Each structure stands twice: as C-alpha cells, then as structure tokens.
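Structure first, commentary second.
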Amino acid sequence: MQVSVAPRSAGDKSVGLFAAPTTQLDPKKWKVPSHWRTLDRQLGGSLTEVIATGDFSGKRGETLLLYGKQKGGPERVLLIGLGPEESVESDALREAGMVAAAEASRREASTLAMALPSARKLQSAEALQAAAEGLVLGTYRYDHYQSEKKKKELRRATLRLDRATPREARASVAAGVAIAESQNLARDLSNQPPCDLHPIGLAREARRVAREVGLRCRILEPAALRKLKMGAMLAVAQGSDNPPRLIVLEHNAPTRGKGSRRPTLCLVGKGVTFDSGGLSLKPSTSMVTMKHDMSGGAAVIGALRACAKLKLPLHVVGIVGAVENMPSARAYRPDDVLTSASGQTIEIGNTDAEGRLVLADALHYARTQWKPAAMVDVATLTGAIVIALGSHCAGVMANNDKLADAIHEAGEACGERFWQLPLWDVHRKHMKSHIADVRQVGGREASSITAAAFLSHFVGDTPWAHLDIAGTANTDSPSPGQPKGATGFGVRALVRLAQNFRELSL
C-alpha cells in the first residue's frame, strides 16, 4: 500500500474514509477541537452534537463512525480516541492507524486519509513512523488460500499534517512503511501452511526476499551441515522426509576475504516449520498452530529485510535453522546423546524440546563464523513463558544486562513488550548431565529459564540475549489490524535494536 503525506485539510469527497484521531476531550469544555472545526462544518455540526451528548470523549480505543451531510465533505468520518494528551505515546498512533486501515479495508474503501492532531509530539518523526506502520499493518489479511477474495483493497493512504516538514515527514513515513511491510512478511511466512512452507520452502522465500532488497543469501543443505558437524540440528531433522536448511542472510556483508569494518549483530531464529513433537508426540489439540513454530525465523527474515530497506550502517547477519520435527523410524529418541557443532554432547530428555537443539548449533555457527559484537536469538521456545508472561509480552534472558536493557528499551519504543527473567549460574549448573556434557531439558521448574540456560552453553563469552516469543507469536483473539494467526512479533524490536546498536557499549 502507498502511504503519503500532505498538508492538513478538512475531509474531502475523494477518500473512502477520513480518519480523525484525537486526544481526550476536556469534559468541562465539551467543545470541538480547533483542528476539527472545518470538518465539523462539513459534517453539518455532527461533531458538536456527539461531543455535547458525550457519545465520543476521545478515550484511548474509543471509535465512532459518522456519515457526511454536506456536499464536498467526506462520506465517512471515523473518530478515534488516543487518550489524555500528556500520556499519548507513539503506540497510540500506531493503534489508530491500524484501526483506521482495518475499518477502510472492511468497507472495501480504496483510499484513506488520516489527519493527525496538531500537538507537536503527535507530529514528531517517531509519531509519523508509528502512524505509517499502523496504516500498513491494519490492511493485513491472509487470504492466499481462500477462493473468494475481497474485490477492493486499500491502495492509498495519506497522513494529513501541519507541523512536520515534508522532507522529514516523508522519511519517517517511508521508514514506517518498510518496517510494517517487513512485519507483514513475517506474518505471511508464519501463516503459510506447513504442507507448502517446509524447510526448503522457507529457504526459497528467504532467497526471494534477499533478491528483492539486496541481501547476501546462502543456503546450507544437509551435506554442508554434516561437514560443520551440526549433530543437534540434523538429529531433529532426521525424522522428516523434508530435509533441513540453514538460511544465512547478510545485510552490509563485507567484501569476500575482508573483515567487516562495521560492528556485527547476529540474529538467530528458530525455524521449525512444523512441530509434531517427534517421538514425544504432542496431543492433537496441541499440534494445531504448530506451523507457527517458525515465527522466530520469520521475524529474523523480516528484520533483515527492513534493515536492508532502511540502509542501516551496520553488518547484520540473520541465521535461521529450518527443520521439521516429525516421528518416524529414523527420528531421534529420548535417551539419545547427540554431539553438537560445538563438540559438546547433549543428553536428550524430550524430543518435543527440539528448538533449543536447532538454536544450539546455529548460535555456535554465528559465534565462530562472524565473532559478532552481540547475538540475539528469537524463538517460540517454551509454553512456560506463556504461563509466566501471557500473550502481550515476550521473555528476555541474557548473559549481558546492557543488551537485555537495550532490547527492553527498543521494545518499549516500538510497541513490543519484553520482560527480563533471571539467568544465573544455578540455572546453568542445573543443566549438567550425568551422562553427557549438558542435558536438553531441566524439568518443569523454571523451564523457560532452564531452556535459556541450556542455550547459554553454546554462546561462549559473546554478549547474547534469548527472546522467547511463544506467547506473542500468534493470537486467537482478533483485533483491528490483527486477524487470527501470526503477529510478526519481534520484527519491530529487532530493527529498533539494530538502529541503536552502534550506540551500545556492551
């Protein structure tokens, strides 16, 4: 979808929907805000009426649809509440954009205009980017497999402004569009059914994205994985007829044979395209939605696309371990002992804890191949994180508090919430095995933390953070701009982390 900026004006007949977000109105005054007066005249005084009756007060999340009465005015006007002006953040504008775009899409409007309030902070670069993100995210739907599709799509949206200069505004909006499109890509990948998006299919999509935006792409097949001695990842894959792939994407890749002059950030994603549990078979009800078990990998691919579109001055490497976890006579077993790429041996306790095995080899590969300044892995790793933090917040565990803080701050700035859990030596010691170097699972107690403790054995002294997005990667509760299915969670935070990375001192 095309998003542009234009000077503030009242609504006009040419747009299918005119959205008017506003901060909360003063109940003592109950008068039309100054930036709505022309619009009120076009609506025949409807704004005055709804404010006087208290039908709309501007509370956050409140909406009201009005219909035009005058010639030359908009046919439909959507009022959107942002909440009290002093507490409005960019996330409220992102939500407003999603609500407006979703309403326009629902009514099959092809054009939309959204006039931002005049307050300075609501027309800042940050606010404009968030609003643009919301407009693009709000149009999302996954109808690739439906025989009947909507006849009309929202094709053009305009942000109406009166403070930001056109050049600054266009740059902010372009950034918002690039990031939101990349998040929608991650949603598409995660929503795709596993009959089509197996490891080879995910690798094919990654290569397509690389060609689109100019990323360097390398796909490692089983022979290369065996040469690298990735015994943990290969063990997970051996039960499936769909062979594994290790996907490597690079933004600002150095010239071959030369090291990068830029700091390197490695993003590592779990790409389990379907997780049956393997021989530790999941119940059938738990197996539904396991196509989303590659959401961490999807977020990494989406983030690399956005980094390229934004031309970030940073060397970013994205690594996705793509496998399918299936039961068969060839499948790996509980009680097996595997040898990982690091040379450490792993005692298997549950074949349904496969994601950490894939990440173990991928993290070791990232650390030894690029010697990065930092590594961040993203994975739908444990159901326990959903019990601990619910579906609106992801868990962070790290060996470096500055990196964990940077991720938390990045998430707060872009509307993706993270909460740090402890990762202590006692948790690492808990993962010691009596038969191997380390055991794969540590029991029910603190199981999200012990999963991270397992991974910590494969990162050495590289600053590293683990993001467990099992609770945030998909939703069964649709909302405006977020239909049932994948959310693309993590893309925005990873991009914001990359944008701020050069300023970090880890």
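Miscellaneous remarks
- Lone unmet requirement of (1) under 23 Å from ALA413 (Cα atoms); (2) within 17 Å of the chain's Cα centre (by Cα); (3) of a type in the set (D, E, K, R) for ASP293: (1)
- Test: residue in the range 39-61 that is basic (Lys, Arg), outside any loop (DSSP other than H, G, I, E, B) and surrounded by 15 or more Cβ atoms within 10 Å (Cβ to Cβ): yes
- Where LEU197 falls short, out of the listed (1) under 14 Å from LEU304 (Cβ atoms); (2) in contact with a Ser or Thr (Cβ under 9 Å, 6 or more places away or on another chain); (3) among the hydrophobic types (A, V, I, L, M, F, W, C): (1)
- From VAL248, VAL236, residue being in contact with a strand residue (DSSP E or B) (Cβ under 6 Å, 6 or more places away or on another chain) and not in a helix (DSSP H, G or I): VAL248
- ALA210 fulfils the conditions (1) assigned to a helix (DSSP H, G or I); (2) surrounded by fewer than 17 Cβ atoms within 10 Å (Cβ to Cβ); (3) not assigned by TED's automatic domain parsing to the domain that holds GLU75 except for a single criterion, (2).
- Meeting the requirement of 3 or more residues that are small (Gly, Ala, Ser) and either in contact (Cβ under 8 Å) with a residue 24 or more places away in the chain or surrounded by fewer than 20 Cβ atoms within 10 Å (Cβ to Cβ) (or both), the helices (runs of 4 or more DSSP H) wholly within the range 397-468 are 401-414, 447-456.
- Cβ pairs under 6 Å, 6+ apart, first in the range 291-312 and in the same structural domain as ALA379 (by TED's automatic domain parsing), second part of a helix (DSSP H, G or I) and not hydrophobic (A, V, I, L, M, F, W, C): HIS292/SER190; SER295/SER190; ALA298/SER190; GLY302/SER182; GLY302/GLN183; ARG305/SER182; ALA306/SER182
- Some residue of the range 372-390 being free of Cβ contacts under 8 Å to residues at least 60 places away in the same chain, closer than 30 Å to ASP476 by Cβ and in the same structural domain as PHE454 (by TED's automatic domain parsing): yes
- If the condition is being within 24 Å of MET290 (Cβ to Cβ) and surrounded by 23 or more Cβ atoms within 10 Å (Cβ to Cβ), then the range 476-492 contributes ALA486, THR487, GLY488, PHE489, GLY490, VAL491.
- In the set (1) more than 21 Å from LEU135 (Cα to Cα); (2) surrounded by fewer than 23 Cβ atoms within 10 Å (Cβ to Cβ); (3) small (Gly, Ala, Ser), ALA235 fails one condition alone, (2).
- Residue in the range 88-99 that is among the hydroxyl-bearing types (Ser, Thr, Tyr) and within 27 Å of the chain's Cα centre (by Cα) present: yes
Conditions (1) at pLDDT below 90; (2) surrounded by fewer than 21 Cβ atoms within 10 Å (Cβ to Cβ); (3) within 25 Å of VAL77 (Cα to Cα); (4) in the same structural domain as GLN482 (by TED's automatic domain parsing), marked per residue:
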| site | (1), (2), (3), (4) |
| --- | --- |
| THR111 | no, yes, yes, no |
| LEU128 | no, no, yes, no |
| ALA131 | no, no, yes, no |
| LYS152 | yes, yes, yes, no |
| ALA157 | no, no, yes, no |
| ARG163 | yes, yes, yes, no |
| ARG167 | yes, yes, no, no |
| GLU205 | no, yes, no, yes |
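- Some residue of the range 269-282 being buried (at least 16 other Cβ atoms within 10 Å of the Cβ), modelled with pLDDT of 95 or more, part of a strand (DSSP E or B) and among the hydrophobic types (A, V, I, L, M, F, W, C): yes
- Which listed residue, of ALA341, ALA329, is part of a loop (DSSP other than H, G, I, E, B), closer than 18 Å to PRO243 by Cβ, among the hydrophobic types (A, V, I, L, M, F, W, C) and in contact (Cβ under 8 Å) with a residue 60 or more places away in the chain: ALA341
- Applying a threshold of 8 Å to beta carbon distances and a minimum spacing of six or more residues, or different chains, the list of pairs starting in the range 469-483 at a residue that is in a loop (DSSP other than H, G, I, E, B) and ending at one that is basic (Lys, Arg) reads ASP476/LYS484; SER477/LYS484; PRO478/LYS484; PRO483/ARG141.
- Residue within the range 83-90 that is at pLDDT below 95, polar (S, T, N, Q), under 23 Å from ARG120 (Cβ atoms) and not assigned by TED's automatic domain parsing to the domain that holds CYS414 present: yes
- Selected residue (criterion: surrounded by the fewest Cβ atoms within 10 Å (Cβ to Cβ)) from residues of the range 100-109 that are over 25 Å from the mean Cα position of the chain (by Cα) and of a type outside the set (A, V, I, L, M, F, W, C): GLU108
- Conditions (1) among the β-branched types (Val, Ile, Thr); (2) crowded, with 22+ Cβ neighbours inside 10 Å; (3) more than 25 Å from ALA253 (Cβ to Cβ); number of the one not met by VAL376: (3)
The values are calculated or read from the model by the stated rules, or taken from the named source; none is laboratory data. Fair warning: this is a prediction, and the values are worked out from it, not measured in the lab. Because the Cβ atoms are built from the backbone with ideal geometry, glycine has one as well, and the counts that use them run over all protein chains shown.
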